[in-house]
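So the structure is just underneath, and the comments pick up after that.
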Protein chains: 4
Amino acid sequence: KQLWTKKDFISSLPKRTPFSHKGSFGKGILAAGSSNMPGACALAAKAALTSGIGLLSLYVPESIKPIIASHVAEAMYVSGDIDWNMYDGIAIGPGIGRTASAEALLHDVLAQAEKPLLIDADGLYHLKHYLPLLKNKPSPVILTPHPGEMARLTGLSVKEVENDRFSIASQFAKEYQVYLILKGKYTIVTAPDGMQAVNPTGNPALAKGGTGDVLSGMILAFMLQHHQLFPAICNAVYLHGAVSDQLVSKGHSQMDVTASDIINGIPMVLHDFESDTVC
Amino acid sequence: KQLWTKKDFISSLPKRTPFSHKGSFGKGILAAGSSNMPGACALAAKAALTSGIGLLSLYVPESIKPIIASHVAEAMYVSGDIDWNMYDGIAIGPGIGRTASAEALLHDVLAQAEKPLLIDADGLYHLKHYLPLLKNKPSPVILTPHPGEMARLTGLSVKEVENDRFSIASQFAKEYQVYLILKGKYTIVTAPDGMQAVNPTGNPALAKGGTGDVLSGMILAFMLQHHQLFPAICNAVYLHGAVSDQLVSKGHSQMDVTASDIINGIPMVLHDFESDTVC
Amino acid sequence: KQLWTKKDFISSLPKRTPFSHKGSFGKGILAAGSSNMPGACALAAKAALTSGIGLLSLYVPESIKPIIASHVAEAMYVSGDIDWNMYDGIAIGPGIGRTASAEALLHDVLAQAEKPLLIDADGLYHLKHYLPLLKNKPSPVILTPHPGEMARLTGLSVKEVENDRFSIASQFAKEYQVYLILKGKYTIVTAPDGMQAVNPTGNPALAKGGTGDVLSGMILAFMLQHHQLFPAICNAVYLHGAVSDQLVSKGHSQMDVTASDIINGIPMVLHDFESDTVC
Amino acid sequence: KQLWTKKDFISSLPKRTPFSHKGSFGKGILAAGSSNMPGACALAAKAALTSGIGLLSLYVPESIKPIIASHVAEAMYVSGDIDWNMYDGIAIGPGIGRTASAEALLHDVLAQAEKPLLIDADGLYHLKHYLPLLKNKPSPVILTPHPGEMARLTGLSVKEVENDRFSIASQFAKEYQVYLILKGKYTIVTAPDGMQAVNPTGNPALAKGGTGDVLSGMILAFMLQHHQLFPAICNAVYLHGAVSDQLVSKGHSQMDVTASDIINGIPMVLHDFESDTVC
């Protein structure tokens, strides 16, 4: 178990080389959003772009494209039967809903994916039925449950999860060979080999609808830009919390911060961290 | 009668505990907006989220979902026959219109609700026909009339209302057992037992379309975060006015402030108040 | 002929009294926008709200409501056969297009209106055919032509208009009994009695599509808040130019300023003017 | 070969004369966007307006007009069979897609255009089949390939292009009589006579989807405001990179900058350059 510190963040955050181009920072795809939760996709997409992804394609229901495109001008759209492995990384889940078609989509992606795959939110809801598929996957899978979702995935109660966060996370990550982000006051990141890091950033400003969608977008972006997944995930979680901490100290309160504010606060924090590196 | 002061605000505003999550701050539902007044819902929703609500679901006509979602990415949508008591609190009224279907919706919610229920704007218009339903409600109801709406509810003239604000408000609140917010230069909050507080904040910058919708959203959010309704309501009214006062002193005039500006000014004021608490 | 100065602006800008409400600052209606020019309505509407109008209703084609509502949450919508005199003031023209239906709308409004009526942009295009209707109108009409539109209205060439701005404006205003705003480097405001004021503010940053729509919205708002039309119009023109001047001196250049920037700059300028008044 | 410096930028950037109007700064048309890439058009349009274009018309699929109009209120829309030469300049390509109808549009514009014509992105993809049409065009054509697109246009590999950027650009520009912007760490602008300038600004913050669309909009605006095309293009490229450099030094990092941020940063940089001129 390690505490993931600002020093870890700064030393493992990749630097951009002058001769890079948009392909250098990853082509990601995000399957998110539904008629009743269109904003979840908009938040995750905007977060991914603000976190440095090179190119982002969105797989969303046709009907909500205008909503998402009004929030994010930089993304592209794909639909129908696509080859999920054309992309460098995949994220699925935010706001996809608990319908049969969302479940079919999760199953389809899970079965096909040979690239790093992040499953979040309603994706975790459907994953419950497909846990065995995780065991034989050669490509990495990242799960981001909050305690309620973790309880559902494990069959435990929320209380049981909360009382033994480290070992339950460790056991699950090793059994299913996944990267597991168990959210909470101190979010725990666990690697498939059982390595764990605890995140020190964040505050109750994050206890609001949409902040999880933002984290998904950030992880997608970071997993395409880091050489290794473990620091990529730890850094996304760290940054997500660090932004909320900065906002509360600069012009916001824990009450008012929205998920959109978290996205808009990313530049300030990354800028400050970069300045720290130089000094 | 009491003057609700900054000290009252600061001492009664709930503090967030570190081990909270989005469920800790309430699951609210807002029925608002219509084809001709889509913005009313967007304003109330955004205000609720910026005022700390944990999760917000919107009950709106299908056709205006894209409009609202372009303003607020953090809300979810529900429709059809729903169980209004699945939520911790309900707000209805802003921009729902004066149609028969809006009236039916108000009636339906009023009849079913067993959770704190805020009725505003066009909701108050329709309420006129259902006043008797208020008397036997075990769960609290909050009404937010301006003098014109109060006149309609009571059958008095606007002048009569204005000439005797305190006692008319008190009488009505006690008779119908409601929390009553009688708007005006000095907004009066009255509890069902007749307790009254006068709000000292606010200025003519608030005399513009949409500011009432913003207040509705703020009350919804606060009623889910405070332990008691009376200070929750007083605090929302206080904050709403305090933001308009701050804006006018910082870069705005009474002429230019819009309802959206009020929402955007909430963080600054809450941040300043929080700093005051610490000092 | 008078130069309209900052002193004139400050002394004639109405002050808000504490016991005002949204009705105190006017209920205006704006007929603007079309399928190919939806933004013109959004700009005029946002400008009117930022310039202090109490309540704003928009008369627009159904198909573009979502576009406008994504820009402006504070406006309401009306359609069909309406009573234009239900409002305290009317503006028509920005982006309505040069179609037969737009012409019919202009004619309809012109024939019915008994409240102050502003005609701008494509409204002026159609007005060419209805000039005689202006002569017998008991309620005031305001026209806002740029030199090209003035040429069309008078049958002169643009050059002829430009060579004799003061007397052509004066003659036209007196003949048709209108308030005339002849745009240009020094915009001239002429009253029906021939009184003229020259505006000293503004710069080439305003030479961009959409800035005229913003001015229309500002005039509509000001004509509902001032006791007299002449200073209302002069103040709107003055403020419009003053904002562009301030923007160029604070973080912008003449090249980059957009019509939206003008709207967003209104608060800063009004705030500064208000501070000046106090000192 | 020349290095395009800040001094070149400042001395060749046109100054606005007081007696200008929106027609003075060009009427441009932009054909961009498609169902799967609506944002590309929004970004290019907003960039053109922020870069000083006088009037901007957009030629886009009907279905995405609401998306674009929610981002840009200042543009107008045209459709169907239009006369491309009614405009002072034309840009085609960002986000038009690789469909047959997009190809037909490119061909149509290319065949008709007698005004300066910028071809970018998917426009370059389709241009591959129509290269011979370039040779006999009396009006100027501007191409903006990144190395991958240059490779496709020339039939070379990306590596071959990268190993010999200057001479390949020069040869192509002279053969097809075009202005060629070969993107990269040091973007090279080549005139039809072989004159070349190297751009010193920019950093890896630009390596993200959408930044090319922004550049297209900037070039369209600048080519309508400069007397000569070569400095117009060099200035657009210079400004595009200079904004990214400023952002990274002021509150952003190379990771977080989005294409929208580039647009929003234009005013700051132009303002600073204008201040430099004065000093």
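The values are calculated or read from the model by the stated rules, or taken from the named source; none is laboratory data. This one's a predicted model, so the numbers in the text were calculated from it and none came from an experiment. As a convention, Cβ positions derive from the backbone with ideal geometry for all residues, glycine included, and neighbour counts pool all protein chains shown. When the accessible area is computed, the model is the full protein with side chains, heavy atoms only, and any ligands, DNA or RNA have been set aside. Shrake-Rupley method; radii C 1.70, N 1.55, O 1.52, S 1.80 Å.
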Which one of these is at pLDDT 95 or above and within 30 Å of C:Val257 (Cβ to Cβ): D:Leu58, D:Leu124?
D:Leu58
Which ones in region C:7-40 are assigned to a loop (DSSP other than H, G, I, E, B) and either closer than 16 Å to B:Gly39 by Cβ or of a type in the set (A, V, I, L, M) (or both)?
C:Leu13, C:Ala32, C:Gly33, C:Met37
Tell me whether region B:236-250 contains one or more residues that are part of a loop (DSSP other than H, G, I, E, B) and touching a residue at least 40 places away in the same chain (Cβ under 8 Å).
no
Could you check how many residues of region D:213-255 are within 12 Å of the chain's Cα centre (by Cα) and farther than 25 Å from D:Arg16 by Cα?
1
Quick check on this structure: which one of D:Gly33, D:Gly54, D:Gly80 is surrounded by fewer than 23 Cβ atoms within 10 Å (Cβ to Cβ) and at positive phi?
D:Gly80
Answer yes if at least one residue in region C:272-279 is part of a loop (DSSP other than H, G, I, E, B), modelled with pLDDT under 95 and of a type outside the set (A, V, I, L, M), and no otherwise.
yes
Subset of region D:107-121 [within 19 Å of D:Leu215 (Cα to Cα) and open to solvent by less than 10 Å² (accessible area, probe 1.4 Å)]:
D:Leu117, D:Leu118, D:Ile119, D:Asp120
Give me a count of the residues in region A:265-279 that are in contact (Cβ under 8 Å) with a residue 40 or more places away in the chain and closer than 25 Å to B:Ile263 by Cβ.
2
So, in region D:127-138, of the ones that are touching a residue at least 40 places away in the same chain (Cβ under 8 Å) and outside any loop (DSSP other than H, G, I, E, B), which residue ends up surrounded by the most Cβ atoms within 10 Å (Cβ to Cβ)?
D:Leu134
Subset of region B:114-148 (residues that are over 17 Å from the mean Cα position of the chain (by Cα) and of a type in the set (A, V, I, L, M))
B:Leu131, B:Leu133, B:Leu134
Please enumerate the residues belonging to region B:199-213 that are facing chain C (nearest Cβ under 8 Å), of a type outside the set (A, V, I, L, M, F, W, C) and either free of Cβ contacts under 8 Å to residues at least 40 places away in the same chain or not in a loop (DSSP other than H, G, I, E, B) (or both).
B:Pro204, B:Thr211
Restricting the first residue to region D:139-164 and requiring it to be surrounded by fewer than 16 Cβ atoms within 10 Å (Cβ to Cβ), which pairs with a second residue that is outside any helix (DSSP H, G or I) meet a Cβ separation below 7 Å and a spacing of at least six or different chains?
D:Ser139/D:Ala113; D:Ser139/D:Glu114; D:Ser139/D:Lys115; D:Ser139/D:Pro116; D:Ser139/D:Leu117
Starting from region D:22-48, take each residue that is more than 18 Å from D:Ile82 (Cβ to Cβ) and list its partners that are modelled with pLDDT under 95 and among the β-branched types (Val, Ile, Thr), counting only C-beta distances under 8 angstrom and pairs at least six apart or across chains.
D:Ser24/D:Thr17
Six or more apart or on different chains, Cβ atoms under 8 Å: show the pairs whose first residue is in region D:75-92 and closer than 21 Å to D:Val141 by Cβ and whose second is surrounded by fewer than 14 Cβ atoms within 10 Å (Cβ to Cβ).
D:Asn85/D:Glu114
The one condition in (1) under 30 Å from D:Met195 (Cβ atoms); (2) part of a helix (DSSP H, G or I) that D:Ala69 fails to fulfil
(1)
Quick one: how many residues across region A:9-30 are touching a strand residue (DSSP E or B) at 6+ places or on another chain (Cβ under 8 Å), open to solvent by 30 Å² or more (accessible area, probe 1.4 Å) and at pLDDT 95 or above?
1
On the given criteria, is C:Ser63 within 26 Å of B:Gly209 (Cβ to Cβ), assigned to a helix (DSSP H, G or I) and in contact with a helix residue (DSSP H, G or I) (Cβ under 6 Å, 6 or more places away or on another chain)?
no
Could you please give the count of residues in region B:182-198 that are small (Gly, Ala, Ser) and either within 14 Å of chain C (Cβ to nearest Cβ) or surrounded by 24 or more Cβ atoms within 10 Å (Cβ to Cβ) (or both)?
1
From the option list D:Leu124, D:Leu43, D:Leu49, single residue qualifying as assigned to a helix (DSSP H, G or I), surrounded by fewer than 23 Cβ atoms within 10 Å (Cβ to Cβ) and either at negative phi or within 14 Å of chain C (Cβ to nearest Cβ) (or both) is D:Leu124
In this structure, does D:Gln177 turn out to be on the phi > 0 side of the Ramachandran plot and surrounded by fewer than 18 Cβ atoms within 10 Å (Cβ to Cβ)?
yes
Could you check, for region C:216-234, whether at least one of its residues is touching a Lys or Arg at 6+ places or on another chain (Cβ under 8 Å), within 14 Å of another protein chain (Cβ to nearest Cβ) and in a loop (DSSP other than H, G, I, E, B)?
no
Considering only residues of region B:31-40 that are within 14 Å of chain C (Cβ to nearest Cβ) and in contact with a strand residue (DSSP E or B) (Cβ under 6 Å, 6 or more places away or on another chain), which is nearest to A:Ala205 (Cα to Cα)?
B:Met37
Selection count where residues are facing another protein chain (nearest Cβ under 8 Å) and either among the small types (Gly, Ala, Ser) or under 20 Å from the mean Cα position of the chain (by Cα) (or both), scope region C:52-75
12
Across region A:92-106, the tally of residues that are open to solvent by 10 Å² or more (accessible area, probe 1.4 Å) and either aromatic (Phe, Trp, Tyr) or assigned to a loop (DSSP other than H, G, I, E, B) (or both) stands at 3
